[in-house]
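Shown next, in structure tokens, is the structure this report addresses.
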Amino acid sequence: MDKDYYKTLGVDRKATLSDIKKAYRKLARKYHPDLNPGDKTAETKFKEIQEAYSVLSNPKKKSQYDQFGFVGDAPRGGPQYQTYTSGFEGFDFSGFGTSSFRDFFDNIFGTTAQKTYQRVERGEDLHYTMKVGFMDAINGLRTRIKLTRMVACPTCSGTGYTQKGGQQACPACGGSGSSTVQRGAMRFSGTCPACGGTGKTPGQECVTCYGQGFIQKTELISVRIPGGVNTGSKVRIPGKGNAGRRGGPSGDLFITIEADSHPLFNREGSNIYVKIPITVPEATLGAKIEVPTLAGNTTIKVPPGTKSGQKFRIRSKGVPVPGKKVRGDQFVEVSIVPPPFNDERTRELMRELEKISPQNPRKKMRIH
């Protein structure tokens, strides 16, 4: 390995991208030419740091470097290989169409003939989990959340480079515009994937974002949660994900809802269920009873002879269906509550009732 980029940045070979970025930023601030005017050693060190970072921060270049020990042309003094620059003796390309031949080289170099520095990319989507109250999930709400995301760098307007100093030689290919990859005994030369063959970068790397084109920012974002959401629902906030590369569009923010339960209501989809106690006379004689709903109390009619567990439906008193002008229903399940057993008068009436109506509701449950 001709150059040890890991040693240059002072990181382990198993370092994560976050570790690599952190080490680069620390060293870049220390050796930046603007902070060390006239210091040639610092200038040289800064260039070495930039070169190491340009490789290790790029997954494709890092993979090639880890596998072969170099990015671009093979290092001088290394093992000598036979170079196939034309004809590709001993390699059968018959049957390769134009598209297949291009795909073959795209697979080797991990890129298409497209300028990386000029490629516009959409930003990544972000995901956020929000806990909301039961009634807020039903009715919807407007709120603000604190979100840390990547936004376009204000110094370079998201390009990653400034015009200060003009174009510079590409650190990946040294300005040659070409890159070489070794595959076994075969060595392939092609367009440098970093600069697209130009041999130049668009300008000087931005000292604020270190060429990334975006910076981290924590901000309060206003969001509207529509009525009718439930646990597991996802709400999309367009353009509030991470910033895109080279001026590309930002990703979206997706909010996953976690709705609280309610001590009285039970929700199943767009329907609401509630259990209401009724007295023996109400169940026997029938009655009009008051029951709670999401919109306040209402009255329903309990017919004579109502049994425990019987359900009554109140139409359109359930949850609003997102995106539609309809609501679910509410179902009221009644349960008969016996009268107080410690009141002697009540006990006398129950005995009298037992004599008048000596029924056995469990008669059909006997096993013979």
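Odds and ends about this structure:
- Taking the criterion of being among the charged types (D, E, K, R) and in a helix (DSSP H, G or I), the only residue of the stretch 135-144 that qualifies is 136.
- Failed item in (1) modelled with pLDDT of 85 or more; (2) among the aliphatic types (A, V, I, L, M); (3) in contact with a strand residue (DSSP E or B) (Cβ under 9 Å, 6 or more places away or on another chain), with residue 74 passing the rest: (1)
- Boolean, residue 357 is loosely packed, with under 12 Cβ neighbours inside 10 Å and in contact with a helix residue (DSSP H, G or I) (Cβ under 9 Å, 6 or more places away or on another chain): no
- Residue pairs whose Cβ atoms lie under 9 Å apart, separated by 6 or more positions or on different chains, with the first residue in the stretch 145-156 and part of a loop (DSSP other than H, G, I, E, B) and the second among the aromatic types (Phe, Trp, Tyr), are 153/214.
- Taking (1) more than 30 Å from residue 227 (Cα to Cα); (2) among the small types (Gly, Ala, Ser); (3) assigned to a loop (DSSP other than H, G, I, E, B) in turn, residue 283 satisfies each apart from (3).
- Test: residue in the stretch 313-329 that is under 28 Å from the mean Cα position of the chain (by Cα) and either assigned by TED's automatic domain parsing to the domain that holds residue 125 or exposed (fewer than 14 other Cβ atoms within 10 Å of the Cβ) (or both): yes
- Qualifying position, being farther than 30 Å from residue 241 by Cβ, loosely packed, with under 12 Cβ neighbours inside 10 Å and either of a type outside the set (A, V, I, L, M, F, W, C) or free of Cβ contacts under 8 Å to residues at least 60 places away in the same chain (or both), among 342, 271, 266: 342
- The set of residues in the stretch 16-53 that are outside any helix (DSSP H, G or I) and without any contact (Cβ under 8 Å) to a residue 24 or more places away in the chain comprises 16, 36, 37, 38, 39.
- Failed condition for residue 280, given (1) at negative phi; (2) modelled with pLDDT under 95; (3) under 34 Å from the mean Cα position of the chain (by Cα): (3)
The values are calculated or read from the model by the stated rules, or taken from the named source; none is laboratory data. What you are looking at is a predicted structure, and each value in this text was computed from that prediction instead of being measured. Backbone-built Cβ (ideal geometry, glycine too); neighbour counts: all protein chains shown.
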